[in-house]
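What follows is a single structure, written as structure tokens, with notes after it.
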Amino acid sequence: NPQLFSRPHRVSANANVQIPLHYHALHRTEKKQKPRINRVHLLAIENTTDEATGLTTLRWNDGSSYVGETYRTVFHGMGTMIYPDKGKYHGQWKYDHRDGIGTMEYADGSKYVGEWVRDLPNGSGTFINPEGIAFSGTFKNGVPHGKCVMQDLDGRLYSARWVRGKLKEKSIKPLKQK
């Protein structure tokens, strides 16, 4: 499982950073025009809808579960998905995809909070690796892209620039602490 970085000031410019994304390929829809019956819902060992709240609860044999809003049998609206590896996503869904604002807590202890588009971090967000090193900035297609602020284990802040998941080493500059 790749880590974002161990110490920002020692990261190689050639490092290809991959945010660990745990796709739930079972929940993909092929066409955008209109939602169709999602076979994954049919495979659930529990499929209930609370009449008072309108929330649907789905559970599968592999230990994964979903509690949240649905539209025509697809995840749509606010919801929480717990994955078989015990990773957890809570946020907005659009036609079975993480889409909008959400938080993904990965099984390895890393965390992403921010914008999603079709299951990928896309837009403004913050990624924190298991050691507590943070990256706040812009993501594009699941990887850091653009200006960002990084914080190392000692609390020092750095500004840097990423291009398609690669850190531009010459762009790393310490920020003045107040």
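The values are calculated or read from the model by the stated rules, or taken from the named source; none is laboratory data. Owing to the predicted nature of the structure, the values given are computational and were not obtained by experimental measurement. Every residue, glycine as well, gets a Cβ built from its backbone with ideal geometry; the counts of neighbours run over all protein chains shown. Each accessible area value is taken on the protein alone, full model and side chains, heavy atoms only, with ligands, DNA and RNA left out. Shrake-Rupley method; radii C 1.70, N 1.55, O 1.52, S 1.80 Å.
Here are ASP152, ASP119, ASP108: which of them is buried (at least 17 other Cβ atoms within 10 Å of the Cβ) and at pLDDT 90 or above? Spell out the reasoning first.
Details: ASP152 fails: at pLDDT 90 or above; ASP108 fails: buried (at least 17 other Cβ atoms within 10 Å of the Cβ).
So the residue among ASP152, ASP119, ASP108 that is buried (at least 17 other Cβ atoms within 10 Å of the Cβ) and at pLDDT 90 or above is ASP119.
Is it true that HIS97 is open to solvent by less than 50 Å² (accessible area, probe 1.4 Å) and touching a residue at least 40 places away in the same chain (Cβ under 8 Å)?
It is true that HIS97 is open to solvent by less than 50 Å² (accessible area, probe 1.4 Å) and touching a residue at least 40 places away in the same chain (Cβ under 8 Å).
Counting only residues that are more than 9 Å from the chain's Cα centre (by Cα) and free of Cβ contacts under 8 Å to residues at least 40 places away in the same chain, how many does region 108-121 have?
Applying the first criterion (more than 9 Å from the chain's Cα centre (by Cα)) to region 108-121 yields 108-110, 117-118.
Narrowing further to those that are free of Cβ contacts under 8 Å to residues at least 40 places away in the same chain: 109, 117-118.
Adding up the residues that qualify gives 3.
Do we have SER159 as surrounded by 13 or more Cβ atoms within 10 Å (Cβ to Cβ) and over 23 Å from GLY91 (Cβ atoms) here? Working first, answer last.
Details: surrounded by 13 or more Cβ atoms within 10 Å (Cβ to Cβ): yes; over 23 Å from GLY91 (Cβ atoms): yes.
Here the answer is yes, as SER159 does meet what is asked.
Which one of PHE139, PHE135 is in contact with a helix residue (DSSP H, G or I) (Cβ under 9 Å, 6 or more places away or on another chain), of a type in the set (Phe, Trp, Tyr) and not in a loop (DSSP other than H, G, I, E, B)? Full working, then the answer.
Numbers: PHE139 fails: in contact with a helix residue (DSSP H, G or I) (Cβ under 9 Å, 6 or more places away or on another chain).
On inspection, the qualifying residue turns out to be PHE135.
Give the residues of region 126-149 that are buried (at least 18 other Cβ atoms within 10 Å of the Cβ) and either more than 20 Å from TRP116 (Cβ to Cβ) or of a type in the set (Asp, Glu) (or both), sorted by residue number.
Passing the criteria: only ILE133.
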